[in-house]
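All of the numbers you see were taken from the coordinates with simple rules; none came from a lab. Everything quoted here is computed from the prediction, not taken from an experiment. Don't worry about glycine lacking a Cβ; one is built from the backbone with ideal geometry, like all the others, and counts go over all protein chains shown.
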Amino acid sequence: MGMPNDATVNAADIARLADVGRAAVSNWRKRYEDFPQPVGGTATSPAFSLSEIEDWLRKQGKKFTVSPGDRVWQRLRSTVDDLRLGDAVGSVGALLLFIKGYPAEWRKLAERENLLHLLQEALTRAVPDAPGGLEMLDDVELVRGLADFAEQVGPVEVFDFLFERYAETHSRRLLATPAEIARLVADLVEGRVVFDPACGIGTLLVAARAEVLLGQDVDEAAAKLTAVRLLLHDRHARVVAADSLRHDGFAADQADAVICNPPFGERTWGYEELAGDPRWEYGLPPRGEPELAWAQHCLAHVRPGGVVAIMMPSVAADRRSGRRIRGNLLRSGALRAVVSLPVGAAPGTSMAPDLWLLRKPAPDDPTPIHVLMVEAAEDLSLVRRAWGRFRQNPETEMAEPNCRTVRLIDLLDEEVNVSPGRYVTPTTVVVGETFERARERLRQLFPGELPELRAARTPRDLSMTTAGELARAGLVEIYQAPLKMTLGEGDLPVITSGDVTRGGRPSGRTSRDAGAVFCQAGDVIAPILARESTSMVVDEEGQVLGPQLYLFRADPDRIDPYFLAGFLRMAGGARAARASSVSSRIDARRAPIPRLPLAEQKRYGEVFRRLMAFENTAREITELSAALVRAGFEGLVDGTLDPHA
């Protein structure tokens, strides 16, 4: 290729070239005195001469491959430090654009002795509006090597290869949207012009199917990479490098659709200087809710009737500080769907994010009365089907599992909680079938009072309230134990959080402290802090409520206690809590409770009571079985049990 082999490689590069693990490279350095010495890098990430590594591998008889692409990549990495590598890859993209767009002029330019001096003008011609300008390529052999490689495989293929290597090298820093999530987002919007105001390295825009692509990002290198990626693939694109919220590069533009995966939790988003910004049509975003600023920024840039698909942290669906804006988005008809995505869908966080689908209301639009909720942790294709059906007829009943249309009136309560997990029961048919199979097997194992339930064909669409709203209506009283409560001594039995979780009798003791809450038969108790949401119904008078517990005392003529206990047990976030190994705060006051007449409540309550009774029986059998097995082993070992009896 006409390019000297003075490129450098690190341990990860050597491992990839030799097709071995990193540990093998570390072993070679320790075992072989003739292993090449570092020529640069740092103590923790040394750099080695590629030519010296090649010679050493040959002498050892080890198989390795250095492709033309890898040779160019390693040479490129050797020309700049890692912090400027993105700029360098962007400039390489501009060079490849020039070679692709002006092949004859490139051949003439390549023959000139002062190639590097003239190259800057050529790069500027290829990308006249390059975000942040173009890094000067000052290695003539690298430039000629790139051109030779492009002649062999094509300019687009060369850039895609180098970009992929760059993305792998800086995967933790770049935080790119996973490809399957990008494809999903692109499939949910349509239109001639698509805009991404936090485009990063362009993953969403590359996936978008539109004639014109607009992008903006605060990182100049990322914006430059996005521009050359799109232009090399013959996409009509314009990309700006600037902070979208503070310095809107498309203030006068409206797109047919907006797609966005904004930075989560960025508290310095411009709360003070942007307080009076006209984009906040649905309310001033709180300082700690930058994602609501991004959502409104996106809506400001989409035409009436256009769709916004924006990634949001799951906490944005129910944080108290954002409820006013969520309410306004719902009332206006802007928020049309919320989708729970799998863990890892938003890079840089271990949480499972949500995808909000918004539609900018047109002046003559009727006010929608339903919002689509989807739990898509295992099947992203479900989102495409459900969204397509919902857009055709928002009032249709969702036949798909893990989907539900929720009435607007049921969302506009005090909490304005738009978490799909609160409204969608995962895989209804599978849950029903699992229950039936488990019930029959348990009947075979031992007799017990098992409730007769059957799988529902479709989930019931019930009007919901919350325990907190029932309290405000005077139907339920809510109590908590005093903050300072003496436990351990005294003659009064205390129900602890562990007792509620285990379904056991009171295990604590206390004296008659001031402010103690005495339980009555029919009271419902639920924990404040737990790994899994649970509840119990008190069956005796005189027990004292322990710390970290709520007590719900219902009007028995209006609310059935077992009905209340059953729905409190599935408080918002219960499924997420079960997946966690640590306790988390569960606010049972926000648990969704159906609005049902007392007779219907009692039917639910009776089944809940029988499930709780069976749970206690099963728990006791489990404990006795474990004790029996343990005693059997111990007795046989110490001779107190006779195997011949």
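Tabulated data for the structure shown
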| item | result |
| --- | --- |
| Residue 464 long-range amide H proximity, modeled H, under 5 Å | 595 |
| Gain on full stretching of the segment that runs from residue 234 to residue 24 - 0.36 nm per residue minus C-alpha separation | 71.3 nm |
| Relative contact order computed over region 1-66 (Cα-Cα under 8 Å; 6+ residues apart), in percent | 39 |
| Protection proxy ranking of 262-268, 361-367, 146-152 - average other beta-carbon atoms within 10 Å, highest first | 146-152, 262-268, 361-367 |
| Estimated FRET transfer efficiency (residue 31, residue 266; beta-carbon r; R0 41 Å; 0.05) | 0.30 |
| Region 81-172, relative contact order [Cα under 8 Å, separation at least 6], % | 39 |
| Sites residue 351 and residue 125 - FRET efficiency at Förster radius 45 Å, r taken between beta-carbons, to 0.05 | 0.50 |
| Integer Hz, Karplus 6.51/-1.76/1.60 couplings in order for region 71-86, x for Gly and Pro | 5, 5, 4, 5, 5, 4, 4, 6, 7, 9, 7, 4, 5, 9, 5, x |
| Computed Rg/Rh of the chain, alpha carbon atoms with Kirkwood Rh | 1.08 |
| Label point distance in nm, residue 111-residue 507, each placed 7 Å from Cα along Cα→Cβ | 8.9 |
| Computed over region 464-611: relative contact order in percent, which uses C-alpha pairs under 8 Å that are six or more apart | 27 |
| Separation of the residue 287 and residue 625 label points, Cα + 7 Å toward Cβ, nm | 5.5 |
| Estimated FRET transfer efficiency (residue 557, residue 472; beta-carbon r; R0 22 Å; 0.05) | 0.75 |
| Residue 603-residue 616 pseudo-label distance in nm [points 7 Å out on the Cα-to-Cβ vector] | 2.6 |
| For region 331-363 versus region 175-246, the gap between their alpha-carbon centres in whole angstrom | 18 |
| 3J(HN,Hα) from dihedral phi, region 327-339, Karplus parametrisation 6.51/-1.76/1.60, rounded to Hz, x for glycine, proline | x, 5, 4, 6, 4, 7, x, 7, 8, 9, 7, 10, 10 |
| Nonlocal amide H pairs with residue 201, under 5 Å, H built at 1.01 Å | none |
| Whether region 259-412 is rounded, prolate or oblate, judged on the alpha carbon gyration tensor where a/c under 1.5 counts as rounded | oblate |
| ³J(HN,Hα), Karplus 6.51/-1.76/1.60, whole Hz, each residue of region 401-412, x for Gly, Pro | x, 6, 10, 7, 8, 10, 5, 4, 5, 7, 8, 8 |
| Potential lengthening between residue 251 and residue 385 on full extension [0.36 nm per residue; Cα-Cα distance subtracted] | 44.9 nm |
| Overall form of region 43-143 per C-alpha gyration tensor (a/c, 1.5; a/b vs b/c) | prolate |
| Global geometry of region 180-223, whether rounded, prolate or oblate, following the gyration tensor of its Cα atoms and the 1.5 cut on a/c | oblate |
| Using alpha-carbon coordinates, inclination of helix 155-169 to the longest axis of the chain, degrees | 50 |
| Residues of region 71-94 with amide N under 17 Å of a point placed 7 Å along Cα→Cβ from residue 44 | 82-83 |
| In the chain, lysine pairs with alpha-carbon atoms under 21 angstrom apart (chain gap of 8 or more, or interchain) | 5 |
| Restricting region 148-250 to trypsin sites (Lys or Arg not before Pro) in coil, as DSSP defines it, with at most 13 other Cβ within 10 Å | 192, 209, 246 |
